[in-house]
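Each value in this text was obtained by applying a stated rule to the coordinates, not by laboratory testing. Bear in mind that the values here come from a model prediction, so they are computed numbers and not experimental data. Neighbour counts run over all protein chains shown; Cβ positions are idealised from the backbone, glycine included.
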Amino acid sequence: MKRGGSHHAGRSGAKRAKRVAASSSADGSGSAAALAAHFHGIPLPGVKTEELGGSLIVVEGTDGSGRSTQISLLTEWLESEGFAVQTMGLRRSFLVAKDIDTLLEENAITRMTLTLMYATDFFDQLEHRILPALHSDFIVLADRYFYTLIARAAVRGIERGYLHGLYAMALRPDLTFWLDVSPEAAFEREFRKSHAISYWESGRDMSLSNDLFQSFIRYQARVRKEFRGFSARHSFIEVNGENSIPSVNLQLRKRIAAHLGIPRTRYRPSAALAHLWR
Amino acid sequence: MANDGMPNTQTLRAATRTARAPRAMGSSGGVGGFAEARRKYPGALVVVEGIDGSGKSTQLYLLKRWLEIGGYRIHFTEWNSSPLVKSTTKRGKQRRLLTPTTFSLLHAADFADRCERQILPLLHGGYLVLADRYVYTAFARDVARGCSSVWLRNLYRFAPVPDITFYFRAPLDVAVDRIIAGRPRLKFYEAGMDLNLSLDRAESFRMFQARIQEQYDTMVESDKFVVMDGTMTVNRLQKLMREIVQKRVDLGRFAPKRQAEAPV
């Protein structure tokens, strides 16, 4: 929560509340403006931000950037440090996740509708998972956030201004990490993982190339360009995702430790997660 | 800072360049003079709006029958009718999971599906499209639920602007009594029970409809509504509606092609 003024000092629990109080007294009038600052311009109806504690930490990156691995490791580290963790990701809402899966399988959906179904999925999780968790002082780790959704829709030709307006009520993360990898490296990792490349990951709906590899590379390159575009605007913390997993993890831990006021960043994964540590 | 990511008129103009958005719905308040804007498709779009019980559906039905019987190329579409999100909406409503935001987004997704697969292709194919409720229903109802109107106006920017928007306005009591008399039980969201206006469904419904009507009223000028007096008799109102359609839409474009003269 960097934009409101008071920079991170210790736990962010009471910070949101303080900031609302501070900015509304500074404005003299508008608590509306102060409220909007917690979001991307427009406050979410019915949300009292002064009751929000915890922290929202986002890990973004294209397919094969190592996001999910890092989220698993961070969850274990934070829990070992005594923090309660809630995770979120795309297509995980109770309301529409299954419907989106079906629509994608059937490939019978137009891009505008898909964009809005993903938005529904996002806001359902925001309202029913993230906000309640923040109310209870949890650390929310987001495996992707709406930035991915904007990037995907934008490369399919939907206007960026429209998309930013759509997500204007999304809560501002405290920290957003961008695990950047080249499309070639992403391809290698994805292929190693599942021995195949999916229809959507390679952007085949966009008719970029009949060659799967070419299609994947071109599609991911476009998505990456979108990410570059909002990196500065949304204060992304760029991390080279091609570095080793332990080294990326250390970088993330350092920033998070500073944000949450954790004095040390030492961590070794448990036996359950040791296979990820390579 | 607070404006970060907000729609503005520049992005709006940019939207009109994209292939799927022939014309934008207008930013907050609907300024932008879209009624004068030239239509980029050969079809035409006529919509009816108004609160429940205002008589709009009856009137649109009669208009449709008139055009159907005359053999015109028309298509009729209803708000919230796409099979795509029907099951989701139903699940969300049954379990009362919907917030003002997700309620609004689901209806927008539903509308987008209909718009991209039905309304726009038909307009490009030269049909006269009749819509029972349109995006103004979302503007009125979702703002009444607490959504930001700036956000909503942006959300529906991909929707083509109607050639005529009939707004059926009946006194609240008349409209509400028509609905309550005809329905054994008002549904939860229909009655606006999620707004906690009143524990009594009929009373909540009345208050919710009052808020919606208030929102419709604010759009009369900005969105160039043709206001129809819902207290007039059905027949007189229908005559008036047909006159206005004839005057404002070149019906000849949708008329049946004349058969070649039969050989003598």
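Details
- Modelled label reach - B:K90, point 7 Å along Cα→Cβ, region A:84-108 residues with backbone N closer than 12 Å: none
- Taking Cα atoms only, the orientation of helix A:97-106 departs from the longest principal axis of chain A by about 20 degrees.
- Virtual spin-label span in nm between B:K247 and A:A232, 7 Å along Cα→Cβ: 5.5 nm
- Ascending count of other beta-carbon atoms within 10 Å, so fewest first, for A:W277, B:W151: A:W277, B:W151
- The alpha carbon radius of gyration of region B:54-246, expressed as a multiple of 2.2 N^0.38 Å, is 1.04.
- Helix A:183-194 and the long axis of chain A differ in direction by around 80°, with both axes built from C-alpha atoms.
- Neighbour-count ranking [beta-carbon atoms within 10 angstrom, fewest first] of B:R211, B:R95: B:R95, B:R211
- The GluC sites (Glu not before Pro) found in region B:181-229 that occupy coil by DSSP, while having at most 12 further C-beta atoms within 10 Å, are B:E221.
- Listed pairs A:K48/A:K254; B:K86/B:K187; A:K98/B:K90; A:K225/B:K40 exceeding 22 Å between Cα atoms: A:K48/A:K254; A:K225/B:K40
- Bridging of B:K247 to lysines at a Cα separation below 18 Å is possible for B:K64, B:K224, B:K239, once same-chain residues fewer than 8 apart are set aside.
- For chain A, a Gaussian network of Cα nodes joined below 10 Å ranks A:S68, A:S207, A:S231 by mean-square fluctuation, and the top entry is A:S207.
- Stretching A:S270 away from A:W200 to a fully extended chain increases their span by 21.8 nm, per 0.36 nm per residue minus the current alpha-carbon distance.
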